[in-house]
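Engineer: Structure provided below as structure tokens; questions to follow.
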Amino acid sequence: MPDHAIGALDALDAKPYDALLLLSFGGPEGPDDVVPFLENVTRGRGIPKERLKEVGQHYFLFGGVSPINAQNRALLDALRKDFADHGLDLPVYWGNRNWAPYVTDTLREMVTEGHRRILVLATSAYASYSGCRQYREDLAGALAALEAEGLELPRIDKLRHYFNHPGFVGPMTEGVLDSLADLPQDVRAGAHIAFTTHSIPDSAADTSGPAEDHGEGGAYVRQHLDVAKLIADAVRERTGVDHPWRLVYQSRSGAPHIPWLEPDICDHLEELHGAGVPAVVMAPIGFVSDHMEVLYDLDTEARAKAQELGLPVRRSATVGADPRFAAAVRDLVLERAATERGQRVTPCALGALGPSHNLCPVGCCPARAPKPAAAGADSPYA
């Protein structure tokens with residue numbers, strides 16, 4: 001499996017773009033930040049502060065610090081190093097939806113420093129409302145704030161979904177292989193692979209992606225299944241063992257009466273143990289880095305369930321700041337820039353689904369309460 005490819009492009013030219021924005025979720029950096037951070041995340045939902053303190057216990061177990069900010073700093077450094085090493089002159093900035101550095105503040109800084117054509121890399125690889133459109137809504141909100149301040153607005157485009165780019169799939173495949181090799185030899189061959197991602201409401205999954213992809217599970221489930229198959233097939237080719245696998249879910253946070261994607265990882269571990277499966281590798285393919293959902297829901301809660309069952313488990317690595325992922329981002333930047341310049345480009349994508357769209361169409365991952373969203377066909381900011 002190649003690390004990355006960009007087709008026939010032979011020039012490291014990011015024009016017309018003059019900056020890249022790494023856009024992420026954000027997280028608290030100390031105990032005093034936890035509740036204000038959760039208030040940002042849940043704004044408009046009317047959740048009492050006492051309930052937020054209960055939810056925040058996951059963060060308090062880790063000193064009130066989410067690992068996501070440190071991981072974004074590492075990715076920021078990796079991107080800057082990769083770009084510099086390959087002669088790509090494109091400054092990289094970082095902004096968050098829910099904690100400092102806030103996206104509005106970062107965009108203001110970018111504009112005041114003269115940037116007018118900005119590409120956005122969101123730390124979510126798949127199509128869904130929370131993983132794509134909500135980021136686009138936050139970008140629109142930031143642009144509205146800058147407009148109210150009288151600043152000249154930049155044009156913003158978002159990089160396509162990269163779930164099936166070799167630079168994303170490759171590191172995760174290596175992580176699964178490493179986890180299998182770390183299992184005791186007597187259970188390794190019989191190990192199952194549980195590919196995990198964030199559970200979302202069934203209704204949000206069913207309407208994920210463009211309208212033509214809507215239906216049971218929508219683009220969200222189909223994209224994850226495609227990645228899981230790619231990794232399982234690569235593992236079989238490398239090891240000669242056909243490990244059974246399933247896509248499962250974690251981190252449910254909604255009201256009990258609302259259907260969310262299932263099965264939950266802990267329920268799945270119980271099912272596998274009851275069926276006599278000797279070991280499991282948990283592969284968090286839905287996450288770019290080892291942030292709180294990985295550290296708590298898998299490394300803490302799911303591991304505790306496996307220990308209770310006496311079931312050997314390993315958790316494979318996310319891509320994080322892997323140099324192959326940084327190289328994939330460079331490929332995506334050059335691909336999009338060449339497309340904007342009118343060049344013919346062969347997008348790099350593995351699996352059955354092909355490359356995702358560059359521009360989110362109208363009706364893609366709709367919100368329950370429609371809000372303006374930037375970097376899409378329905379953007380109020382051309």
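The values are calculated or read from the model by the stated rules, or taken from the named source; none is laboratory data. In this text the structure is predicted, and so the values were computed from the model without any measurement. A quick note on method: Cβ atoms are made from the backbone with ideal geometry, for glycine too, and the neighbour counts reach across all protein chains shown. Heads up: the accessible areas ignore ligands, DNA and RNA and are worked out on the full protein's heavy atoms, side chains in. Shrake-Rupley method; radii C 1.70, N 1.55, O 1.52, S 1.80 Å.
Engineer: Taking helices (runs of 4 or more DSSP H) that fall entirely within the stretch 174-263, which contain at least 2 residues that are in contact with a helix residue (DSSP H, G or I) (Cβ under 8 Å, 6 or more places away or on another chain)?
Structural biologist: Numbers: elements: 185-188, 202-206, 218-239.
The qualifying helices (runs of 4 or more DSSP H) are 202-206, 218-239.
Engineer: Quick check on the stretch 315-363: of everything there that is over 28 Å from residue 181 (Cβ atoms) and among the polar types (S, T, N, Q), which residue is surrounded by the fewest Cβ atoms within 10 Å (Cβ to Cβ)?
Structural biologist: Residue satisfying both the conditions and the ranking: 346.
Engineer: Residue by residue through the stretch 7-64, note down the ones that are in contact with a strand residue (DSSP E or B) (Cβ under 7 Å, 6 or more places away or on another chain) and hydrophobic (A, V, I, L, M, F, W, C).
Structural biologist: Those that are in contact with a strand residue (DSSP E or B) (Cβ under 7 Å, 6 or more places away or on another chain) and hydrophobic (A, V, I, L, M, F, W, C): 19, 20, 21, 22, 23, 25.
Engineer: Next question, about the same structure. So how many residues does the stretch 363-381 have that are touching a residue at least 24 places away in the same chain (Cβ under 8 Å) and either within 25 Å of residue 169 (Cβ to Cβ) or touching a strand residue (DSSP E or B) at 6+ places or on another chain (Cβ under 9 Å) (or both)?
Structural biologist: The qualifying residues number 8.
Engineer: Could you check the stretch 269-286 and list, in sequence order, the residues that are open to solvent by 10 Å² or more (accessible area, probe 1.4 Å) and either in contact (Cβ under 8 Å) with a residue 24 or more places away in the chain or under 27 Å from the mean Cα position of the chain (by Cα) (or both)?
Structural biologist: Selection gives 270, 272, 273, 277, 278, 286.
Engineer: Being under 18 Å from the mean Cα position of the chain (by Cα) and hydrophobic (A, V, I, L, M, F, W, C) narrows it down to one residue among 187, 241, 227, 235; which is it?
Structural biologist: Details: 187 fails: under 18 Å from the mean Cα position of the chain (by Cα); 241 fails: under 18 Å from the mean Cα position of the chain (by Cα); 235 fails: under 18 Å from the mean Cα position of the chain (by Cα).
Answer to the check: 227.
This table checks each residue for (1) under 21 Å from residue 376 (Cα atoms); (2) touching a strand residue (DSSP E or B) at 6+ places or on another chain (Cβ under 6 Å).
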site: 92; (1), (2): no, yes
site: 96; (1), (2): yes, yes
site: 104; (1), (2): yes, no
site: 155; (1), (2): yes, yes
site: 172; (1), (2): no, no
site: 179; (1), (2): no, yes
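Engineer: Right, next: Would you be able to say whether some residue in the stretch 193-206 is modelled with pLDDT of 95 or more, under 15 Å from residue 129 (Cα atoms), hydroxyl-bearing (Ser, Thr, Tyr) and open to solvent by 10 Å² or more (accessible area, probe 1.4 Å)?
Structural biologist: Within the stretch 193-206, one or more residues are modelled with pLDDT of 95 or more, under 15 Å from residue 129 (Cα atoms), hydroxyl-bearing (Ser, Thr, Tyr) and open to solvent by 10 Å² or more (accessible area, probe 1.4 Å).
Engineer: May I ask you to list the residues in the stretch 246-258 that are under 21 Å from the mean Cα position of the chain (by Cα) and open to solvent by 90 Å² or more (accessible area, probe 1.4 Å)?
Structural biologist: So in the stretch 246-258, the residues under 21 Å from the mean Cα position of the chain (by Cα) come out as 246-254.
Of everything in the stretch 246-258, those that are under 21 Å from the mean Cα position of the chain (by Cα) and open to solvent by 90 Å² or more (accessible area, probe 1.4 Å) turn out to be 246, 252, 253.
Engineer: Can you tell me which residues in the stretch 28-40 are touching a helix residue (DSSP H, G or I) at 6+ places or on another chain (Cβ under 9 Å), open to solvent by less than 50 Å² (accessible area, probe 1.4 Å), farther than 27 Å from residue 325 by Cα and touching a residue at least 24 places away in the same chain (Cβ under 8 Å)?
Structural biologist: Across the stretch 28-40, the qualifying residues are 33, 34, 37.
Engineer: OK, next. When only residues in the stretch 43-90 that are touching a Leu at 6+ places or on another chain (Cβ under 7 Å), open to solvent by less than 70 Å² (accessible area, probe 1.4 Å) and not in a helix (DSSP H, G or I) count, which is farthest from residue 325 (Cα to Cα)?
Structural biologist: 56
Engineer: For the structure I just gave you, tell me whether residue 54 is free of Cβ contacts under 8 Å to residues at least 40 places away in the same chain and more than 27 Å from residue 137 (Cα to Cα). Steps first, answer last, please.
Structural biologist: Working: free of Cβ contacts under 8 Å to residues at least 40 places away in the same chain: yes; more than 27 Å from residue 137 (Cα to Cα): yes.
So residue 54 passes the test.
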